[in-house]
Structure formats: structure tokens, C-alpha cells
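Some notes on the structure that comes next.
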Amino acid sequence: MAKPKFFKKILKNGMTIIFEQRKGSGVISLAFAVKYGGIHESKNEKGISHFIEHMLYKGTKKRTAKQISEEIEKNGGIINGFTDDELTAYWCKMPANKIKIALDVLSDIMLNPLFDEKEIGKERKVIIEEIKMRKDNPQIYVTDRIQNLLYSGNLGMDLIGNEKTLASLDRKKLVNKFKKVYGSENMILCAVGDANFKKLCNFCERKFKKSGFKINKPKIRLKNQKKIEKRYGLDQANLVFAYHIPCALQKGNYAAQVLSCLMAGGMSSKLWQEIREKRNLAYSVKGFFNIGKSFGYSAIYVGTSPENINIVKKIILEEFEKLKRLDEKEVEAAKEQIIGNSKISHEDSQGQMLDLLYNEVWGNAKSSYEYEKKIKKIKLEDVKNIAKLAKRYSFIALIPQYKRVQERKK
């Protein structure tokens, strides 16, 4: 594959434009993002970024909610958005010859949302249902909860908020936050595909204005806690083992990714082989991590029988202990696996768009192109050093609560 052409420019209005050109691809993936997410919210407004994201799709001065999605989808595209700890983004993927439609629709929802009072009330109910959905899914629930056990403060609170905070978020609060945060100096347009960089810059320079709001650097407070919860109606225990790792773009972060691959990166990983293949204790064994500009953690999820949670936890700790005997060959194999997976992900314009976007939020979009080089630089000792961090871990298990059977009195 030819080396991609990368362009970046900070406009006079402060907005950052990032573009990877893929001539002849016939496709464009693009996202407007604001560098503000759950990590920046106070306790009393938790969930406001996610609420605003929902509301931006609920209608503008010239489009209804249906027309927003219809205009993209009827032209062969897909549209969606997401809220994360450090950013909120609105994206679509379109045939390249429909880019004007994509830019027009996405910029419209970013600039002219109605925040209709009636729709706010309706969408609040939708988000409450989303909270219930996440709670009712045991696997999602424990992967959400583990962050509560790793951090205090903003990062230790649920990104989506709760019923109490959602109830307090009225139209005035949503609009005030939107007007402060959604200024061009806090925004990024990231695009990958068949497009013209100069035209993208001109469009954004013309459309977007500054708000004058400066996003403060969040305070990160680490902790390690362990918790077991019980719930009626479950047959399986769901557990997560997690530990702090270095932040994005640091050398230790890349070593942590190699370690995660070794431990739980697919069917050939150490924990898959030990927990599932050798001992048949679980169906699902997988690793995941959450990395930000100023925080990071690596985690392992396992679904197992309730009586096996201590056994599984012991196996995880033993496998980390065995890493003292890890050899260079294993590390090199994991690095090849990661690099290959990265290439597959970046082959898709949407995957590359998201990677560029996150790297820019972390500090430098061009770091996306240095990923393979940085992974290759990781040495055996780097991985072993990161493995030592797992000695200080957080742990959560959601296990079945059984009803007591009352004996009948004779």
C-alpha cells in the first residue's frame, strides 16, 4: 500500500483539520469532534456530554430528526455519534461524490441544534432506558463498573450519568454547556478518503466560530478496589481484572498493548489457553483497555461459573507471575499480531479516521503513522516491567444471587 498523504492545518478560527487522502477510493469517512467528554464533567452534571450528543440528532432549524438520518442514509451513507471520556464525535461514512451532503448535514447538527423542550424530555427517557440496558447486560455492567474501582472523581463516575443527574439537566444547562464547549477552538474535523483538503479547510473556516471557552485539564485520581456483587436471575459469574497502565503516546502504553495481546488477545493467548482450552472454565476470555491522554488501564474479562471465580482470578495472577520467564520469541510474535491487526483496522477509512482523531486528542494525529515503529521498538524487559503493574489491581465480579428455599413446617 502506498504511503498515505497526510494533511493537517489549524485554521484562523482555531479549528483543527486532519485529512488522509485516498484518491480513487470512492469513499469518505469524516467526523466533527469536540475535545470534551465525561472526564471534564462535574459531579452534578455527569452525563451532560452524552445528553448533548443525543440532542444534536433530534432536529435543527432546517431538518427534523428523521431528515438528518434520511439525508445521509438515502444517499448511501451511515451516520452515528459517540461520547467518550475525552471527546464527543459526530461522524458519517459516504460515497465520496456525496461529501457536500455529509458536510452540510453534520455541520448543521453541530451549529443549529434546536434543543426542543419536548424532545429533551423524550430523549431523557431514552437515555434512562440505555442506562437500564447497560445494567441488565452483565458483561457490559462489569466492564463499566471496573472504571469506578480504578479511579476517584470524574473518571470514576459513569460516563452516561444516572437518573438523578439526568433529571437535573434541563434545557438551560444543556444549551449553556453547548454554547461554551462547541466553539471552533475546541473542535476537530477528521476525514479519510477521496476529498480535497483545501475545500475542507475553506468550508470549516467559513462555517465555524469561536466560543472563547477553554477546556480545563482534568484531575486524575487513581485507586484500586475489589468488589463482588450479587444479582438475582443470573446463571453465570462475570468478572473483570484490571490494572493501571501509562497514558497514550507513552512508551509504556505500547508495551502494555503487547502485554494485553499476550495475555488475552485472541484464542492463542495465554489466558484463553489456560482458562478455556486446558481447564474449560469459560466460554469468553478477552482483553480490553481504555487509554486516554492522561490515564490508561488494561483489563481482562471472563465469564465463568460462580464457584470458579476464585480459581479464575488465581489463574490470572499466576499467569502474570509466569511472565518473569517470558522470552523474546513470544514478545516478537505478539508484536506481529498487533501490527497485523492494526493494518486490517486501518484498511477501512472509518477505522483510520477514528485512529487519527484519537491520536490528535492525545496530542498528535501523526502518531497514528508511527504505531508500527513504536510497537517494534518494544523490548522484552519493557513488557516485563508493565506486567509488574498488575500486582496492584482492581477486580469486580457480578455473581448469581440464589433465593433461599424455606423448608415447610411439619
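The values are calculated or read from the model by the stated rules, or taken from the named source; none is laboratory data. Bear in mind that the values here come from a model prediction, so they are computed numbers and not experimental data. Cβ: placed from backbone, ideal geometry, glycine included. Neighbour counts: every protein chain shown.
Listed here are the residues, each with its yes/no results for (1) in contact with a Ser or Thr (Cβ under 6 Å, 6 or more places away or on another chain); (2) aliphatic (A, V, I, L, M); (3) assigned by TED's automatic domain parsing to the domain that holds LYS391.
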position: ASP158; (1), (2), (3): no, no, no
position: LYS164; (1), (2), (3): no, no, no
position: LYS179; (1), (2), (3): no, no, no
position: VAL192; (1), (2), (3): yes, yes, no
position: ALA195; (1), (2), (3): no, yes, no
position: LEU239; (1), (2), (3): no, yes, yes
position: PRO246; (1), (2), (3): no, no, yes
Legend entry - Qualifying residues in the stretch 125-166 (those that are among the hydrophobic types (A, V, I, L, M, F, W, C) and in contact with a Lys or Arg (Cβ under 9 Å, 6 or more places away or on another chain)) - the one nearest to ARG392 (Cα to Cα): LEU150
Inset, instruction - Determine whether the stretch 170-183 contains at least one residue that is in contact (Cβ under 8 Å) with a residue 12 or more places away in the chain and farther than 30 Å from ARG206 by Cα. - result: yes
Inset, instruction - Filter the stretch 39-75 down to residues that are assigned to a loop (DSSP other than H, G, I, E, B), hydrophobic (A, V, I, L, M, F, W, C) and over 23 Å from ASP170 (Cβ atoms), then give me how many there are. - result: 0
Inset, instruction - Grab the helices (runs of 4 or more DSSP H) fully contained in the stretch 305-384, keeping just those with 2 or more residues being surrounded by 17 or more Cβ atoms within 10 Å (Cβ to Cβ) and more than 26 Å from the chain's Cα centre (by Cα). - result: 309-322
Inset, instruction - For the stretch 14-22, state whether one or more residues are within 21 Å of GLU123 (Cα to Cα) and assigned by TED's automatic domain parsing to the domain that holds TYR182. - result: no
Legend entry - Restricting the stretch 1-54 to residues that are surrounded by 23 or more Cβ atoms within 10 Å (Cβ to Cβ) and of a type in the set (Gly, Ala, Ser), the residue that is farthest from the chain's Cα centre (by Cα): SER29
Inset, instruction - Might you check whether a residue that is assigned by TED's automatic domain parsing to the domain that holds CYS201, surrounded by 15 or more Cβ atoms within 10 Å (Cβ to Cβ), assigned to a loop (DSSP other than H, G, I, E, B) and among the acidic types (Asp, Glu) occurs anywhere in the stretch 105-117? - result: yes
Inset, instruction - Take SER284 and decide whether it is closer than 18 Å to ILE146 by Cα and either aliphatic (A, V, I, L, M) or in a strand (DSSP E or B) (or both). - result: yes
Legend entry - Lone qualifier among ALA191, ALA195 - being under 21 Å from ILE28 (Cα atoms), of a type in the set (A, V, I, L, M), over 25 Å from the mean Cα position of the chain (by Cα) and modelled with pLDDT of 95 or more: ALA195
